[in-house]
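Quick notes on the structure that follows.
The values are calculated or read from the model by the stated rules, or taken from the named source; none is laboratory data. Because the structure is predicted, anything quoted here is derived from the model rather than measured. Methodologically, a virtual Cβ is constructed for each residue, glycine included, from the backbone with ideal geometry; neighbour enumeration extends over all protein chains shown.
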Amino acid sequence: MLDQALAAPKKELEMAAQIYDIITVGGGIAASSLAKAMAERGAKVLVLEREKRFKDRVRGEAVVPWGVAEAEELGTYRLLRETCAHDVPYVEGGSGLRDLRATTQQQLPLLSFQHQVMQETLLEAAEGAGAEVRRGVSVERIECGAEPAVVVDGHSQERVPARLVVAADGRGSIVRKWAGFPVREQINACYMAGVLLTDVHASTETCYAVFNPELGTWFGLFPQAGDRFRAYLVYPKNAGCRLQGESMLDLFVSESAKTYAPLADYLAEVKSVGPLASFDVSDSWVEHPYRDGVALVGDAAATSDPTFGQGLSFALRAARVLRDELTSNSDWEAAGHRYADEHQRCFHACHTVQGWLRTLFQNPSTESAALRAKAMPLIVEDPTRVPDHILSGPDLPLNAQMRARLFGEC
Ligand SMILES: Cc1cc2nc3c(=O)[nH]c(=O)nc-3n(C[C@H](O)[C@H](O)[C@H](O)COP(=O)(O)OP(=O)(O)OC[C@H]3O[C@@H](n4cnc5c(N)ncnc54)[C@H](O)[C@@H]3O)c2cc1C
């Protein structure tokens, strides 16, 4: 069904040759979710993806419950479950199992998958919905303005115009630089090492996400379909070495067990089935991710510290919010700005809570130890003192009272 918001301006645009409503630069989760959603509503969408085939790059594979709700809204939750993903209903944070279906605002589990399989599945679904997908194509330049366009590589330097260009080109997005968006950065003091494992002696129903404040570390273990688990260790940059390459697997395991003792058993016989690689977890974001016919979605709009596992959920929310704005508003310039306002609100809610949690649970300094001494006994008594934005999402209220409750100041 071609929505009115699409139909009115499209009529004029059809005069120009082969114009698209939307061109996405990139074909990751953000782009393919949006492409599918908009193609289903009758938009003419072109997806340009550099990779001919996705490979394991050690990327996020756990969608928290508020992101699962977004996938439901986009009609991709069931698709992912039927193809490559599985529900993880419990989380262990180090002090007892939490049932996500009973205790999150969405009453949903976490969803886990192999990232590259999810990417292929969603891109195929976008194509199935009617989007045109070109693989192995690199965008070399974009033009902003009333009739934006992308220029793709190759001898002919093809220029393709659209009503809206969507930059979904991931971490360190080059498109956002070309379009002149000011980028803000927050340097975080840690690296995150990740590796795909088999032969893990742990439940496939539970994910582990445990901070060790004394060491300034965090460990995450996410069961995937089959017998695979993605394991992550976040460790201080000043630890003295960077965990990279297969030869460091034993060190990864022993350092993980220092963070959370039961891992010594869980990981005693593990084998790696993918690269062991470490990443900088610094944040970078654009305050208002829309201007001059170009919208930023996913990591291109905001790359947040993966310790808190929000990136995939933000990508899904961006696709859903942008879809809703574009299909309910014939003025796409206004729709772009409304999307950007909402993105900014959501990003800052999660970013603020992440800062509080980092101070309390991930900082080995004596100042943070003093804050913990005051806060922890009260949190043990009443765990609802910890704001639940990371699992239940940015629509929860956020105010000074919540911060005071977390830090045991009231
Ligand atoms: C170690 C690590 C662990 C993480 N863990 C989690 C987690 O557990 N949960 C979570 O929610 N998030 C996690 N994240 C974050 C999550 O991976 C990202 O937020 C998410 O993948 C972003 O998706 P995207 O579609 O915006 O970008 P991407 O998946 O990076 O897609 C961008 C695409 O654009 C293509 N591209 C780039 N430039 C061009 C160009 N010029 N022309 C054409 N194509 C181009 C690329 O090939 C790529 O396919 C993690 C990140 C890291 C680094």
- Query: For GLN354, are the conditions met, namely being more than 20 Å from ALA69 (Cα to Cα), in contact with a His (Cβ under 9 Å, 6 or more places away or on another chain) and surrounded by 16 or more Cβ atoms within 10 Å (Cβ to Cβ)?
  - Reply: yes
- Single residue of region 317-340 satisfying the filter (closer than 19 Å to TRP66 by Cα and of a type outside the set (A, V, I, L, M)) that is nearest to the chain's Cα centre (by Cα): ARG317
- Where a residue in region 359-370 is over 19 Å from ASP305 (Cα atoms) and its partner, wherever it lies, is among the hydroxyl-bearing types (Ser, Thr, Tyr) and in a helix (DSSP H, G or I), with Cβ under 7 Å and at least six apart: SER368/THR359
- Task: Within region 241-254, identify whether any single residue is free of Cβ contacts under 8 Å to residues at least 40 places away in the same chain, within 16 Å of the ligand (Cβ to nearest atom) and touching a strand residue (DSSP E or B) at 6+ places or on another chain (Cβ under 7 Å), and answer yes or no.
- Result: no
- Message: Could you tell me how many of the residues in region 74-101 are under 22 Å from ALA202 (Cα atoms) and of a type in the set (A, V, I, L, M)?
- Response: 5
- Message: Please determine whether any residue of region 273-284 is under 30 Å from TRP356 (Cα atoms), more than 16 Å from the ligand (Cβ to nearest atom) and either surrounded by 14 or more Cβ atoms within 10 Å (Cβ to Cβ) or modelled with pLDDT under 95 (or both).
- Response: no
- Task: Please specify each residue of region 164-186 satisfying the condition of being under 15 Å from ARG291 (Cβ atoms), within 11 Å of the ligand (Cβ to nearest atom) and either surrounded by fewer than 13 Cβ atoms within 10 Å (Cβ to Cβ) or aromatic (Phe, Trp, Tyr) (or both).
- Result: TRP178
- Residue check: is ASN212 modelled with pLDDT of 95 or more, farther than 16 Å from VAL88 by Cβ and not aromatic (Phe, Trp, Tyr)? yes
- Query: Which members of region 209-240 meet the condition of being without any contact (Cβ under 8 Å) to a residue 60 or more places away in the chain and hydrophobic (A, V, I, L, M, F, W, C)?
  - Reply: PHE219, LEU221, PHE229, ALA231, LEU233, ALA239
- Message: Can you pull out every residue in region 207-230 that is in contact with a Phe, Trp or Tyr (Cβ under 9 Å, 6 or more places away or on another chain) and among the small types (Gly, Ala, Ser)?
- Response: ALA209, GLY216, GLY220, ALA225
- Return yes or no: is PRO394 under 20 Å from GLU92 (Cα atoms), in contact with a helix residue (DSSP H, G or I) (Cβ under 8 Å, 6 or more places away or on another chain), of a type outside the set (D, E, K, R) and not in a helix (DSSP H, G or I)? no
- Query: Going by the conditions given, is ARG317 basic (Lys, Arg), within 13 Å of the ligand (Cβ to nearest atom) and within 24 Å of GLU61 (Cβ to Cβ)?
  - Reply: yes
- Message: If I filter region 208-232 down to residues being within 12 Å of the ligand (Cβ to nearest atom) and of a type in the set (A, V, I, L, M), which single residue comes out as farthest from LEU391 (Cα to Cα)?
- Response: ALA231
- Query: Given the structure, is LEU267 within 19 Å of VAL210 (Cα to Cα) and either crowded, with 22+ Cβ neighbours inside 10 Å or polar (S, T, N, Q) (or both)?
  - Reply: yes
- Evaluation of GLY67 against (1) under 29 Å from GLU40 (Cα atoms); (2) surrounded by fewer than 24 Cβ atoms within 10 Å (Cβ to Cβ); (3) small (Gly, Ala, Ser) (one fails), failing number: (2)
